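Everything below concerns the one structure shown next.
Each reported figure results from applying straightforward, stated rules to the coordinates on display, with no laboratory input. For clarity, every value in this text was computed on a predicted model and none was experimentally measured. Cβ sites come from the backbone with ideal geometry, for glycine too, and all protein chains shown count toward neighbours.
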Number of protein chains: 2
Amino acid sequence: MNKIKINLPEKPYSFYLGENIFDKLDKFINKNYPAHSVFIVVDKTVYKLYKLRVDSFLKSIKNKSNKFILTASEENKSFESLKKIHSSLIKNNFGRDTLLAAIGGGIIGDLAGFAAATFMRGIPFAQVPTTLLAMVDSSVGGKTGINFSNTKNVIGAFYQPGFIYADTAFLKTLPKKEFICGVGEIVKYAFLTNKYFFNFLTRNFEKAINGDTNVLNRLIRNSVAYKGSVVAEDEKESGLRKVLNLGHTFAHALEVEQDHKIKHGEAVIFGLACALYTSKEIGILTADRFKRYFNLIREFQDLITINSFDKRKIYNIMLRDKKNLQGKVKFVLLSGIGDILLNVEVDKKVLYSSLEAGERYFQKSK
Amino acid sequence: MNKIKINLPEKPYSFYLGENIFDKLDKFINKNYPAHSVFIVVDKTVYKLYKLRVDSFLKSIKNKSNKFILTASEENKSFESLKKIHSSLIKNNFGRDTLLAAIGGGIIGDLAGFAAATFMRGIPFAQVPTTLLAMVDSSVGGKTGINFSNTKNVIGAFYQPGFIYADTAFLKTLPKKEFICGVGEIVKYAFLTNKYFFNFLTRNFEKAINGDTNVLNRLIRNSVAYKGSVVAEDEKESGLRKVLNLGHTFAHALEVEQDHKIKHGEAVIFGLACALYTSKEIGILTADRFKRYFNLIREFQDLITINSFDKRKIYNIMLRDKKNLQGKVKFVLLSGIGDILLNVEVDKKVLYSSLEAGERYFQKSK
């Protein structure tokens, strides 16, 4: 089992990574949370696939335990689901001495984390990510929240988990599409960190997409270690943490425009393509580098399809994005691997042409 | 203008106190939040009484400003109101660069604070308390939240304001009943702190109830300074901060039992009476001291009336209180002024007899 420290100044915590470690989670909790009840919010699909293991986990918890099963969809990442979780906690007399654990992907983690953050002004919380995307990204760093008024994650809180417990055995049943999404987010980390990571991913792309455990283990460790170091420096995203939004302003807007019918990871790949284009267009990324970096995006061309979209609508959605202040759309762009620029204001025209380039590129695969 | 520092380790802030200082709030914000828009959540009654001053304040804000007017009631301290505030923020394109200010009493402050805590994972927040109760207590310390599923404040967050701005001129229009409530909470602080405060309040009770500015100024300063020092030591109520709940386990349960038709401050006075009784009954408070302390409660006998209630229902509500772990009801009790005991488990029988004593006492006034 690997252990990666997330060194938040006030509240450091650990990311545990390994194959089949879920079967030791009961012991881990009984030891580290001896006086706590356990309430899990679990993805319906995960529960169906791992019913026996999840139920046996709950049975082995020393104190009271209960489960809340939810279909993971953007529509369910809502006030309605939040209230259902809270109601179930109240109805079943769960108090402050409750460890709330999210077992599932990013949607379950974000929602359950926000429920933990707001129940009785905050109860202990654990992330048990079961998708690649959640393992490399969303389970780390304490961003929790729900969608509201057609705006993604607009309601939420920074609320750090007590620990993260990632069992790569769950990935064996992960649909191909979800793998692609996870690798998409890993591509972002490759751009953000250094050439070793970038070259490793370039060389092992096929293995990663096909779920090679050793390759994934290294990619997860590298991504989590990098994200952890960024979050430890800037928990509340007042500066440095913005680097993690590379490609995400495009991605979030596209997700809303497509009415959440596109996967977050797919949108991120599209967003990274747009961010590369934009970086080249405004002259901060050389044509040579662009070509080299774009090769990694090219790997996805036959794997994902982006439906056509309304550029003006996307632009208006971006204006509403919580990262944008005073009506200006700002982007995270790059001039090299690990060489990231924050808060770059981009001309509307450049923006439109980048969106068109991304659209053209991923529609070819049709 | 008085300035009291609330020395939270990570985020110290100030409590400003003075007469007519509201008229300088625009300048204060323009200077300290030069790039921020301002969104106020204002109590409907306060807005009616001070429409010109509030509107002129908003007009003097350099950047964008907007108002959300709400009737302050426990029923409105709900998910529904929260969503209305969030909707208004989104619809009017308020971003992360928004200072959300609560102008009103504790209900408005708790609700607006929770809205600020959860909008875009937290935006700057200011408390502008207009009731005595909010000035001495609820505006300080960062407890925010809403009621849900018949449980008071069960959903919420610890979220500190950037500053608190208390203009005692607002108290001139405060209804008598609200004054009584504020003084009730001040009695709690008198029990918690020291004999000087206790004796000062005992001597000046009439003046306080009748709104004497000088007396109130000192009582507010002393209460806020004490609460600030407690919160600075234990922001998240893992230990010391529990002292502030003296009388409040009784009070909260009564409020729920009475379907929120009783004022929080009235319930607190009743709760303090019960806490004194309980302390005496279990032998930690001498009969002599009980008598002396109870004189301060006695001042309220003709001022408030408690309707009859269902003791068993109150007991069950207490069991559900978020402060109680593993099905046991624990109380904050006292053996002297400033001599407070935390987490005292109390026998059901003693509890019932204390509730009966409180009931008897405040029903005499009928």
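Assorted remarks:
- Using only the C-alpha atoms, the convex hull of the range B:189-237 corresponds to 75 Å³ per residue.
- Reciprocal mean inverse distance between Cα atoms of the range B:228-296 - Kirkwood radius, Å: 13.3 Å
- Semi-axes of the equivalent ellipsoid for chain B, computed as √(5λ) from the eigenvalues of its C-alpha gyration tensor and ordered from largest down, come to 34, 22, 19 Å.
- Per-residue HN-Hα couplings for the range B:48-56 [Karplus 6.51, -1.76, 1.60; θ = phi - 60°; Hz; x = Gly/Pro]: 4, 6, 10, 3, 4, 5, 5, 5, 5
- With kT/(6 pi eta Rh) evaluated at 25 °C and eta = 0.890 mPa s, and Rh the Kirkwood radius from Cα pairs, the range B:164-246 diffuses with a coefficient of 182 µm²/s according to Stokes-Einstein.
- Summarising the amide proton neighbourhood of A:A72: residues at separation of 5 or more, or on other chains, whose placed amide H is nearer than 5 Å comprise A:K44, A:T45.
- Dipole magnitude of the range A:176-362, debye to nearest 20 (Cβ charges: Lys/Arg +1, Asp/Glu -1, about Cα centre): 140 debye
- The value obtained for the range A:85-143, namely the Cα convex hull volume divided by the number of residues, is 65 Å³ per residue.
- Backbone amide hydrogens, once placed in the peptide plane, bring B:G338 within less than 5 Å of B:L192, B:T193, excluding anything fewer than 5 places away on its chain.
- Amide H partners (placed H, <5 Å) of A:K143, local residues excluded: A:Y159
- Restricting the calculation to Cα atoms, every distinct pair contributes to the Kirkwood radius of the range B:23-121, found to be 13.6 Å.
- Between helix B:79-91 and chain B: long-axis angle, C-alpha atoms, 0 to 90°, nearest 10: 10 degrees
- Note, ³J(HN,Hα) from phi for the range B:144-149, Karplus 6.51, -1.76, 1.60, rounded to Hz, x at Gly and Pro: 10, x, 9, 8, 7, 6
- The share of C-alpha pairs in the protein assembly as shown whose separation exceeds 36 Å stands at 46 percent.
- Alpha-carbon gyration tensor eigenvalues x 5, square-rooted, for the range B:245-339, Å: 22, 18, 10
- Relative contact order of chain B, defined on C-alpha pairs under 8 angstrom at six or more residues apart (%): 14 percent
- Of B:V268, B:N222, B:S308, farthest towards positive along the dipole that unit charges on Lys, Arg, Asp, Glu beta carbons give the range B:155-310: B:N222
- For the segment B:113-124, counting C-beta atoms of other chains within 10 Å of every residue's C-beta and taking the mean gives 5.
- Against chain B, whose longest principal axis comes from its Cα atoms, helix B:287-298 is set at around 40 degrees.
- Note on the range B:121-161: Cα-only Rg and Dmax are 11.3, 30 Å.
- Net charge contributed by nearby residues that have their C-beta within less than 13 Å of A:N2 (K/R +1, D/E -1): +2
- Seen from a random direction on average, the alpha-carbon convex hull of the range A:2-173 projects onto 9.1 square nanometres.
- Crossing angle, helix A:311-320 versus chain A [Cα axis fit, 0-90 degrees, rounded to tens]: 50 degrees
- Size of charge dipole - the range B:2-173 - debye, nearest 20, with Cβ of Lys, Arg +1 and Asp, Glu -1, no other charges: 440 debye
- When shorter helices are ignored and each DSSP H run of at least 4 residues is given -39500 (n - 2.57), the per-residue value for chain B at 222 nm works out to -14000 deg cm²/dmol.
- The alpha carbon radius of gyration of the range B:176-362, expressed as a multiple of 2.2 N^0.38 Å, is 0.97.
- Pairs of Cα atoms farther than 14 Å apart, the range B:1-44, %: 65 percent
- Computed from the Kirkwood radius of its Cα pairs, the Stokes-Einstein diffusion coefficient for the range A:120-270 at 25 °C and 0.890 mPa s stands at 153 µm²/s.
- Candidates B:V54, B:N20, B:N93 compared by Cα position along the dipole of the range B:18-158: farthest toward the positive end lies B:N93, with charges placed on Cβ.
- Within the protein assembly as shown: Cβ-based charge dipole about Cα centre, in debye rounded to nearest 20 (Lys, Arg +1; Asp, Glu -1): 60 debye
- The HN-Hα couplings worked out from phi for the range B:18-24 by the Karplus form 6.51 cos²θ - 1.76 cosθ + 1.60 (θ = phi - 60°) are x, 8, 6, 6, 4, 5, 9 Hz, whole numbers, x standing for Gly and Pro.
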